[in-house]
1. Spelling out what I want: for every residue of region 170-183, take phi, set θ = phi - 60°, compute 6.51 cos²θ - 1.76 cosθ + 1.60 (Karplus), and round to whole Hz; glycine and proline get x.
2. Once phi is turned into ³J(HN,Hα) by the Karplus curve 6.51 cos²θ - 1.76 cosθ + 1.60 with θ = phi - 60°, what whole-Hz value does each residue of region 436-441 show in order, with x for glycine and proline?
3. Please report the equivalent ellipsoid semi-axes of region 247-312, computed as sqrt(5 x eigenvalue) of the Cα gyration tensor, largest first, in whole Å.
4. How big is the convex hull of the Cα atoms of region 405-490, per residue, in Å³?
5. Output the Kirkwood hydrodynamic radius of region 180-301, Cα pairs only, in Å rounded to one decimal.
6. Sum up the charges of everything whose Cβ sits under 14 Å from the Cβ of Tyr449, counting Lys and Arg as +1 and Asp and Glu as -1, but leave Tyr449 out.
7. Once you wrap a convex hull around the alpha carbon atoms of the chain, what is its projected area averaged over all directions, in nm²?
8. What are the residues whose amide H is under 5 Å from the amide H of Glu315, where those residues sit 5 or more places off or on another chain and H is modelled from the backbone?
Amino acid sequence: MKLRGQAALRIIPLFVLSLAAGQEATPLTGTADVGRAQLESHTIGDNWLSYNGDYSGRRYSSLTQITPANIKKLRAAWVFHSSHAGTLEATPVVVDGVMYLTASNNAYALDAANGRILWHYSRPVSPGLVDDASGHISRGVALWEHRLYMETDNAHLLCLDARSGALLWDIAYATWNRNYGATSAPLVVGRKVLVGTSGGDDGVRGFIAAYDAVTAKLLWRRWTIPGPGEFGSSSWPGKSYLHGGGTAWMPGTYDPELNTLYWGTGNAAPDYDGSVRPGDDLYTASLLALDLDTGRMKWYFQFTPHDVYDYDGVETPVLIDGLYQGKPRKLLVEANRNGFIYTLDRVSGKFLSATRFADRVNWARGIDAHGRPIYTSVQPTDSGTLTCPGDVGATNWYSPAYNEVTKYLYFISLDQCTVNYVKPQVFSPGTEYYATGTREDPSGKGRKYLLAFDRDTNHFAWKYPQEGDTHSWGGVMTTATGLVFFADDTHSFEAVDARTGKPLWHFNTGQTLHASPMTYSVTGRQFVAIASGDNLFAFALP
């Protein structure tokens with residue numbers, strides 16, 4: 001009988017690795033060795049070593065070969081097609097000319113110069129999964145030394161040898177509720193591999209867990225829903241804390257100087273019925289600042305207390321050092337799903353400012369001096385209530401980017417509403433736990449924008465409207481030469497001038513984009529890459 005929270009570990013002997021089902025291995029000639037100093041570097045150069053490029057979440061590259069002057073010459077250099085996924089949502093990572101990419105429960109090592117497969121690890125997708133996990137989405141890998149880490153659709157953490165694709169170990173880290181899944185990329189800091197799960201809409205209890213990168217030993221687990229007697233437990237009567245949501249389904253960011261992780265949590269469950277979870281529903285729709293070594297919570301900030309709108313708080317917390325009101329400060333900036341962009345002091349968690357970025361916001365009149373929303377009467381009802389932003393939010397998990405030169409934060413926003421309904425529901429394993437749902441705004445209005453937020457003034461420098469059906473889920477990346485690359489809403493990968501928003505280049509991929517871009521260099525040639533549909537496109541100058 002398993003204890004709650006215990007993980008099942010399967011270590012694969014090295015001498016049988018070459019016989020693993022679905023394994024195609026051609027050992028790499030390089031060392032594929034990524035150390036702590038590289039991961040903690042604040043400069044993204046030739047390599048793109050983690051989901052966001054570095055720990056700050058800025059997605060700001062120092063590469064300078066591609067510029068506003070020559071970008072019109074940018075062309076597709078190679079395309080990789082995955083036959084093992086529906087829609088790719090991963091951001092690839094690159095180290096020393098090798099690219100690592102996930103597609104569902106598959107991992108690939110590619111020659112980053114031409115897309116040739118170097119090795120391929122494969123395992124079948126898992127049957128019987130619930131909601132998001134049933135889409136078998138994987139958003140990427142994490143690297144440490146010669147090891148590669150990935151999450152599977154059924155919440156296993158895998159460790160592969162990055163040089164050959166050989167499976168080193170496999171640990172099931174959420175086995176006590178069948179509604180758990182995983183869609184994220186792990187984050188490696190030091191010798192710790194950090195993971196979370198999906199399932200926040202399905203009646204699971206969210207957590208962030210740290211595992212030893214070599215032995216797979218569980219080092220700590222931080223539950224995002226307080227247990228009986230703990231601070232915040234008054235929101236969770238009876239056993240409701242076991243099904244309260246708050247999952248950590250996207251990777252966080254990290255400040256090495258403060259030794260602090262910054263991790264967002266998802267919505268409360270059930271999504272639309274707040275009557276069974278009174279109060280603020282800690283620590284859902286929140287940002288948690290955690291001590292790396294112990295998982296101890298240093299502070300938290302809740303964006304949407306008592307969330308009944310499905311406003312997950314997992315959007316990337318971007319770490320910025322700079323002046324705030326004329327004084328140097330360690331800042332954290334997050335464009336949140338609820339329609340406001342927040343600036344916090346990341347040392348203390350003190351709220352500094354919030355600025356509305358969505359055109360239509362009716363759930364709150366604003367944010368007060370303490371960072372709490374000033375609520376309106378908008379709530380889900382049995383007959384339906386028009387709610388703005390809608391259930392997918394005014395922005396979402398797709399990545400923002402921050403440019404050191406312009407001092408602008410760039411992100412995709414969605415101006416759209418939905419009609420939200422509520423109907424009481426009892427949790428049942430194997431089923432979703434929304435307590436009803438939503439339908440589209442009958443007016444049919446909706447539009448996406450690329451926004452440039454000037455953090456010095458708390459105003460928007462420019463706003464670039466997009467045409468399309470609002471179905472894109474692509475993110476943003478920026479460079480030292482003053483470019484902003486992003487996935488637009490018409491199946492195109494696009495670049496604009498970072499200072500003005502002037503369009504400079506685009507490439508129609510022919511498929512909806514559900515991923516965020518990155519850039520890297522191989523033997524002096526800069527590439528920009530993004531997943532689109534079930535393909536990965538890499539672009540370079542001739």
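1. Result, rounded to whole Hz: 9, 10, 8, 10, 8, 9, 9, 8, 5, 7, 5, x, 8, 9.
2. Values, residue by residue: 5, x, 9, 9, 5, 4 Hz.
3. They are 25, 11, 8 Å, listed from largest to smallest.
4. Spelled out: Cα convex hull of region 405-490, divided by residues, is 163 Å³.
5. Answer for region 180-301: a Kirkwood hydrodynamic radius of 14.4 Å.
6. 0
7. Reported value for the Cα convex hull: 22.9 nm².
8. Sorted by chain and number, the residues that satisfy this are Arg337.
Bear in mind these aren't lab numbers, they're just calculated from the coordinates by the rules spelled out. Quick caveat, the model's predicted, so the values are computed rather than measured. Please note: Cβ atoms are built from the backbone with ideal geometry, for glycine as well, and neighbour counts cover all protein chains shown.
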